Amino acid sequence: MPVHTDFDSFRSALPAQGPLAALDLGEKTIGVAVSDLRRGVATPLETIRRKKFTLDAARLLEIVKARAVAGIVLGLPLNMDGSEGPRCQTTRAFARNLSRLTDLPIGFWDERLSTVAAERALLEADTSRAKRALVIDHVAAGYILQGFLDRLAMASR
């Protein structure tokens, strides 16, 4: 299945039901979040320490299978002016490679400020620096997924 570059084509490729997963791709880690079956609430799940693509993808596909995920949303790290830099190219390449291993629809969501929002929420919760370092990536994935789910809900009204 192709990687969808715009919201509407991704939305139409998604099955009517089933949880979605979101990924916050970093150089050293991948934050993972999943939604509930009704796609209303995103829940941060885990942070995968990156090793090499085949091992990272294998872990992601284990999660997808265990959670019966219906589609994958990748956070797209756009620059603040909306342009794409090298990190966007890396994310798009990851999506293309992952699409060769799964039939699930894969799409993108603008992740600008998701890590900032996650950091702020963790600070407000008085989370220690060490604990924040462990959870920031999957909390950021939760923000990415929640943004996508909110837009999905608005589009289906």
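The values are calculated or read from the model by the stated rules, or taken from the named source; none is laboratory data. In this text the structure is predicted, and so the values were computed from the model without any measurement. So basically every Cβ, Gly included, is an ideal-geometry build from the backbone, and we count neighbours across all protein chains shown.
Laid out as a table, the results:
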item: Among (1) in contact (Cβ under 8 Å) with a residue 24 or more places away in the chain; (2) under 25 Å from residue 155 (Cα atoms); (3) over 13 Å from the mean Cα position of the chain (by Cα), the one test that residue 73 misses; result: (3)
item: Close pairs from region 1-28: first touching a residue at least 60 places away in the same chain (Cβ under 8 Å), partner among the acidic types (Asp, Glu), Cβ under 8 Å, at least 6 apart; result: 1/103; 24/111; 24/137; 26/137
item: Complete set of residues in region 50-70 that are of a type outside the set (Asp, Glu) and touching a residue at least 12 places away in the same chain (Cβ under 8 Å); result: 50, 53, 57, 60, 61, 63, 64, 67, 68, 69, 70
item: Flag if residue 6 is within 14 Å of residue 146 (Cβ to Cβ) and surrounded by fewer than 14 Cβ atoms within 10 Å (Cβ to Cβ); result: no
item: Region 13-46: number of residues that are polar (S, T, N, Q) and in contact with a Pro (Cβ under 9 Å, 6 or more places away or on another chain); result: 1
item: Single residue of region 64-80 satisfying the filter (part of a loop (DSSP other than H, G, I, E, B) and among the aliphatic types (A, V, I, L, M)) that is modelled with the lowest pLDDT; result: 80
item: Neighbours by Cβ (under 7 Å, 6+ apart or cross-chain): first from region 81-92, at positive phi; second assigned to a loop (DSSP other than H, G, I, E, B) and surrounded by 10 or more Cβ atoms within 10 Å (Cβ to Cβ); result: none
item: Search result, residues across region 58-73 that are farther than 20 Å from residue 111 by Cβ and either of a type in the set (Gly, Ala, Ser) or touching an Asp or Glu at 6+ places or on another chain (Cβ under 8 Å) (or both); result: 58, 66, 68, 70
item: Index of the failed condition, residue 41 passing every other in (1) touching a residue at least 60 places away in the same chain (Cβ under 8 Å); (2) within 12 Å of the chain's Cα centre (by Cα); result: (2)
item: Criterion: touching a helix residue (DSSP H, G or I) at 6+ places or on another chain (Cβ under 9 Å) and under 18 Å from residue 137 (Cα atoms) - qualifying residue of 84, 46; result: 46
item: Answer residue from region 12-41, given it is polar (S, T, N, Q) and in a strand (DSSP E or B) and is farthest from residue 109 (Cα to Cα) among those; result: 29
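A quick yes/no check of all residues on (1) modelled with pLDDT under 95; (2) outside any loop (DSSP other than H, G, I, E, B); (3) not basic (Lys, Arg):
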site: 54; (1), (2), (3): no, yes, yes
site: 57; (1), (2), (3): no, yes, yes
site: 62; (1), (2), (3): no, yes, yes
site: 82; (1), (2), (3): yes, no, yes
site: 96; (1), (2), (3): no, yes, no
site: 107; (1), (2), (3): no, yes, yes
site: 118; (1), (2), (3): yes, yes, yes
site: 127; (1), (2), (3): yes, no, yes
